[in-house]
Every structure is written in structure tokens, then in C-alpha cells.
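Everything on this sheet refers to the single structure shown next.
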Amino acid sequence: MDELLSKVKANLILEHSADDELLQMYITAAVSYAESYQHIPKGYYSENPMPSTTEQAVIMLSSHFYESRDGSTGGFFGDSTGAAQQTWNTVNLLLRLDRRWQV
């Protein structure tokens, strides 16, 4: 989880540690979303390696949560009304690559 934290902070260009606890909560939520979306057991990625596409989705989603924490939908790109939707579309496309499709 510490490695994910450093990658999320790098993605956000964030050098301070004042928001580390908040970022950890967003990372936990993003990993939980990934596991649910991919139809794998809760906690799977705490015991198994995370594929790079899933890791990128978690980084993007955690960053989006952080940038949109004030309730806005666009985060950093708040002037673009489709920014939030594009983030979710990209995250879901990345997660789909590692999804378990069994019925």
C-alpha cells in the first residue's frame, strides 16, 4: 500500500505528507472498487500482485477522488464538464482488462 501511496502522490505532483491518511482512504476505496468490478474476492490485492493496468486504474481513481473531494465533478479539470465521466470511463476500461469473466 505504501508503494501505491507514493505513486498516487507522484501522479498528483504532491510532495507533502499532510494528506497521506486521506489518500490512503481513497486508495483503499479505489482498490475495493477494482476488486468488485473485476469480480475477485475482497482483499485479493492485499495477498496477490496487482497487474499494471489495474494499478494504473487505482492510481487514476484515487487521484480523481482526491481532486474532487470538494464535491465537484471535474477535479483539476473542473472547467471540463466531461472530465469526471472520462476518468470513470478510462478506469473501467483499464479494470476490464483484468476482469474475471466467469459466470
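The values are calculated or read from the model by the stated rules, or taken from the named source; none is laboratory data. Here the structure is a predicted model, which is why all the values come from computation and not from measurement. Please note: Cβ atoms are built from the backbone with ideal geometry, for glycine as well, and neighbour counts cover all protein chains shown.
With respect to residue 15, is the statement that it is among the acidic types (Asp, Glu) and not in a helix (DSSP H, G or I) true? Criteria met by residue 15. Does residue 26 satisfy the criteria of being closer than 13 Å to residue 94 by Cα, among the aromatic types (Phe, Trp, Tyr), in a helix (DSSP H, G or I) and at pLDDT 95 or above? In short, no.
Restricting 45, 33 to residues that are of a type in the set (Phe, Trp, Tyr), out of contact with any helix residue (DSSP H, G or I) (no Cβ under 6 Å at 6 or more places or on another chain) and in a helix (DSSP H, G or I) narrows the list to 33. Cβ-Cβ distances below 9 Å connect the following pairs, each with a first residue in the range 36-51 that is at positive phi, a second residue that is part of a loop (DSSP other than H, G, I, E, B), and a separation of six or more residues or different chains: 39/99; 39/100; 39/101; 39/102. When residue 13 is tested against (1) touching a helix residue (DSSP H, G or I) at 6+ places or on another chain (Cβ under 7 Å); (2) within 24 Å of residue 82 (Cα to Cα), just one condition goes unmet, and that condition is (1). Scanning the range 38-67 for residues that are of a type in the set (D, E, K, R) and more than 13 Å from residue 28 (Cα to Cα) turns up 47, 67.
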